[in-house]
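Colleague: Take this structure first; my questions come after.
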Amino acid sequence: MTASTSSRSASFPAFGRWLSRISFPWVVTIAHLSIVLLLPIAALFLRSFSVSPPEFWRIATSPVALSTYNITFTTALVAAAINCVAGTLTAWVLVRYDFPFKRVLDAVIDLPFALPTAVAGITLATVYSQTGWVGSFFAPFGIRISFTRLGVAVAMVFISVPFVVRTVQPVLQELDVALEEAAWSLGASKWQTFWRVLLPPIIPAILTGTTQAFARAVGEFGSVVLVAANIPFQDLIAPVLVFQRIEQNDMAGATVIATVLLLISLGLLIAINLFQAWGQRYSDA
Amino acid sequence: MTPNLKLSQQTTPAKRDGARDWTKIVLISGVVFYLALVLLLPTIYVFIGAFSNGFRGFVASLTSRDFTQALRLTVLAVAVAVPLNIVFGLCAAWVIARRRFPGRTLLLSIIDLPFSISPIVGGLMLVSLYGRNGVLGPLLQSWDIRIIFTFPGIALATILGGMPFVAREVIPVLEEIGTEEEEAAKTLGASGWQTFWRVTLPSIRWGLFYGVILTTARAMGEFGAIAVVSSNIIGRTQTLTLYVDGAYRNYDSQGAFAASVVLACLAALTLLLKEILERRIATPRSRKAE
């Protein structure tokens, strides 16, 4: 930064020399990032600044928008919580036990990364519908899953399954079994061993994975738009609201809500990095 | 792990052993039940749904013009996006692993950004920059270039989603192999390119391949961002995932599932390749440990 400003004020050849010192990988990295990511982000912010601040506030806090934030975050939180518990247990089972088809089960965890979200959406909508394989078990109790908020939750759980499992698994693998045995032999109960010996070192990993799962669920579009009925105040989530605004050609509305979502994802990214740094400190100690 | 397990079995009384087995059975069946409910059943249903009108219906869906056009467009988008993301990923990984500069962690976080940005927001970002009313709109119009609603827009959206994978997988490998061999090659008179092709690339190949698989899988499945930047004209700017969405909304669920089978098979192939690669990567390390 300082080099470029000082050389521009001094002489042009100096700037050229500085430019030629930048190697090929740097040029590609900066160009690619700018064209695909950084300039588009700047453009979105610029567009949202062209909306006057009171107007921005009015759109960002309109009743529909508020209800979509509420639905998005509470449902994503529920999905992340489910995966926090189920993912930790899954990682435990995969690391500590041996059973037939374990490798297959391990590979299946990554399905949500490989399967397109649109495909996940249509198959979840069908399987969890009132006549579907799973949905028909709930229908007699008057519980509908597809095309309700429950369906949104199922889709969010589906797409975020791998995160907790894949962050906790390596940490559990590194953990020495001797540590647990030492606790046992010193007279600790099963629960004490779990709470005092096992859990503390894997907490940063669990939190990292859960936050990643939450961030992914908050931004999810493809599977949710197909599983939900997308009715405002019922099961309409924020990304789908942005999409509807674009389809209605209400670009100001879309831009404002998208900006809010972008700021939230940036905040979540910082949280994830902090949790990871915490985990790093644990492994160094 | 196995010797440890044996030890504990010998030292702990039989009663405790029984309790341990019980927890094990409950935990394993619980996890299997959960994964079956959430992941396996829905995936299996893709294949059932595709044949709901019989085998002939399945074949008819896969030979329809709309489907083949959508498949063509997806293949084209992947063919453009993946090589660009590979070149970027290698360059970014090299910069981060081999250079020390202020803002290095910031750059790493920026590369990770597409993971946490909603695809819809990503699509809208591209529209705000390259769209007709976008920041660069007047400039592009004066050059008569259209990006949004055409193929370049779809390619950009595909690049955005799969951007971080290659760099993410290559950085740790580059850091692990160190610079000794590269420096040796340089002192023996190899040029930068020769060093890269003969020394660096062979040692990072598995990590690179792994990243390529992930970015390809993501590129094939990209949906939200493309839905925003594409005009979604059937047969012209409709990718495979948009086709699945469109067919399903038009109550052609069999057609939607037939197209999904193609995507699900590619997903299964992805997982298989991943599994093979993971064993490949794991073997030398475990050998070293022994």
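Each value in this text was obtained by applying a stated rule to the coordinates, not by laboratory testing. None of the values given here were measured: they were computed from a predicted structure. Note that we place each Cβ from the backbone using ideal geometry, even for glycine, and neighbour counts take in every protein chain shown.
Colleague: Using a Cα-Cα cut-off of under 20 Å, which aspartates and glutamates could be cross-linked to B:LYS186, ignoring same-chain neighbours fewer than 8 residues away?
Modeller: B:GLU175, B:GLU176
Colleague: Under the definition of partner shielding as Cβ atoms of other protein chains within 10 Å of a residue Cβ, what is the mean value for peptide A:120-132?
Modeller: Across A:120-132, the average partner-chain Cβ count within 10 Å equals 6.
Colleague: Something else now. Report the net charge of residues surrounding B:LEU62, where surrounding means a beta-carbon distance below 15 angstrom and charges are Lys +1, Arg +1, Asp -1, Glu -1. Before the final figure, lay out each step's value.
Modeller: On the way: positive: B:ARG56, B:ARG65, B:ARG72; negative: B:ASP66, B:ASP252.
Every neighbour counted, the sum reads +1.
Colleague: Take every residue in peptide A:248-256, count the Cβ atoms of other chains within 10 Å of its Cβ, and give the average of those counts.
Modeller: 2
Colleague: Taking R0 as 56 Å, what's the FRET efficiency between B:ALA36 and B:GLN194 from their Cβ-Cβ distance, rounded to 0.05?
Modeller: Using R0 = 56 Å, I get an efficiency of 0.60.
Colleague: What helices in chain B pass both tests, a Cα length along the helix axis of 24 Å or more and a mean Kyte hydropathy of 0.5 or higher, using whole DSSP H runs?
Modeller: On the way: long enough: B:14-35 (32 Å, 0.33); B:65-98 (49 Å, 1.34); B:201-221 (30 Å, 0.80); B:253-289 (52 Å, 0.58).
For chain B, where a helix must reach 24 Å along its axis and average at least 0.5, the hits are B:65-98, B:201-221, B:253-289.
Colleague: Using the Kyte-Doolittle scale, which helices in chain A average at least -0.5 and also have C-alpha atoms spread 18 Å or more along the helix axis, with helices defined as whole DSSP H runs?
Modeller: On the way: long enough: A:63-96 (49 Å, 1.25); A:149-174 (39 Å, 1.24); A:199-219 (30 Å, 0.93); A:251-284 (49 Å, 1.23).
Qualifying helices, which must be both long enough and hydrophobic enough, are A:63-96, A:149-174, A:199-219, A:251-284.
Colleague: For the protein assembly as shown, what is the convex hull volume of the alpha-carbon atoms per residue, in Å³?
Modeller: 193 Å³
Colleague: Using the crude model of +1 on Lys and Arg Cβ and -1 on Asp and Glu Cβ, and no other charge, please compute the dipole size for chain B relative to its Cα centre, in debye to 20.
Modeller: Rounded to the nearest 20 debye, it is 340 debye.
Colleague: Between B:ILE281 and B:VAL26, what is the label-to-label distance in nm when each label sits 7 Å out along the Cα-to-Cβ direction?
Modeller: My value for the distance between the label points is 3.6 nm.
Colleague: Within the stretch A:200-234, which chymotrypsin sites (Phe, Trp or Tyr not before Pro) sit in a loop by DSSP and count at most 10 neighbouring Cβ atoms inside 10 Å? Show your work: numbers first, answer last.
Modeller: On the way: sites: A:PHE214, A:PHE221, A:PHE233; in loops: A:PHE221, A:PHE233.
Loop-located and lightly packed - none at all.
Colleague: While we're here: Could you work out, residue by residue across A:44-56, how many beta carbons of other chains sit within 10 Å of that residue's beta carbon, and then give the average as an integer?
Modeller: Going residue by residue through A:44-56 and averaging, the value is 2.
Colleague: Okay, moving on. Of B:PHE51, A:PRO239, A:PHE137, which is farthest towards the positive pole of the protein assembly as shown's charge dipole, taken about the Cα centre with +1 and -1 on the beta-carbons of Lys, Arg and Asp, Glu respectively?
Modeller: Checked the options; the winner is A:PRO239.
Colleague: If each residue's Cβ is checked for other Cβ atoms within 10 Å, how do A:THR210, A:THR148, B:THR68, B:THR200 rank with the fewest at the top?
Modeller: So the residues, fewest neighbours to most, are B:THR68, A:THR148, B:THR200, A:THR210.
Colleague: Got a sec? Charge dipole of the protein assembly as shown, +1 on Cβ for Lys and Arg, -1 for Asp and Glu; which of A:SER223, B:PRO42, B:PRO152 is way out at the positive end?
Modeller: Checked the options; the winner is B:PRO152.
Colleague: Another question about this same structure. Looking at A:LEU175, A:ALA125, A:PHE158, which one has the Cα that reaches farthest to the positive end of the dipole of the stretch A:52-284 (charges on Cβ: Lys, Arg +1; Asp, Glu -1)?
Modeller: With unit charges placed on the Cβ atoms, the residue in question is A:ALA125.
Colleague: Hey, another quick one. GNM, chain B, Cα, under 10 Å: largest mean-square fluctuation among B:ILE28, B:ILE117, B:ILE48?
Modeller: B:ILE28
Colleague: Taking chain B as a Gaussian network, where each spring joins two C-alpha atoms under 10 Å apart, which residue of B:PRO152, B:PRO102, B:PRO202 fluctuates the most?
Modeller: Taking springs between Cα atoms under 10 Å, the residue moving most is B:PRO102.
Colleague: Further, regarding this structure: Using 1/(1 + (r/R0)^6) with R0 = 35 angstrom and r between the beta carbons of B:ARG100 and A:VAL64, what's the FRET efficiency to the nearest 0.05?
Modeller: The computed FRET efficiency comes out at 0.10.
Colleague: Another question, then. If R0 is 45 Å, what FRET efficiency do you get for B:GLU180 and B:CYS265 from their C-beta distance, rounded to 0.05? Walk me through the numbers before you get to the answer.
Modeller: Numbers: r = 43 Å, r/R0 = 0.95.
With a Förster radius of 45 Å, E is 0.55.
Colleague: Based only on other Cβ atoms within 10 Å, what is the fewest-to-most ordering of A:SER48, A:SER62?
Modeller: Lowest to highest Cβ neighbour count: A:SER62, A:SER48.
Colleague: Given charges of +1 on the Cβ of Lys and Arg and -1 on the Cβ of Asp and Glu, with all other atoms neutral, how large is the dipole of the stretch B:142-290 about its Cα centre, in debye to the nearest 20?
Modeller: Working: 14 positive and 14 negative charges, 49 e Å.
It comes to approximately 240 debye.
Colleague: Which distance in Å, rounded to a whole number, links the C-alpha centroids of the stretch A:146-223 and the stretch B:73-97?
Modeller: The two parts, judged by their Cα centres, are 32 Å apart.
Colleague: Arrange the following residues from fewest to most other Cβ atoms within 10 Å of their Cβ: B:SER61, A:SER67.
Modeller: By the 10 Å Cβ count, ascending: A:SER67, B:SER61.
Colleague: Over the Cα atoms of chain A, how large are the radius of gyration and the largest Cα-Cα distance (Dmax), in Å?
Modeller: In Å, with Rg to one decimal and Dmax whole: 24.0, 80.
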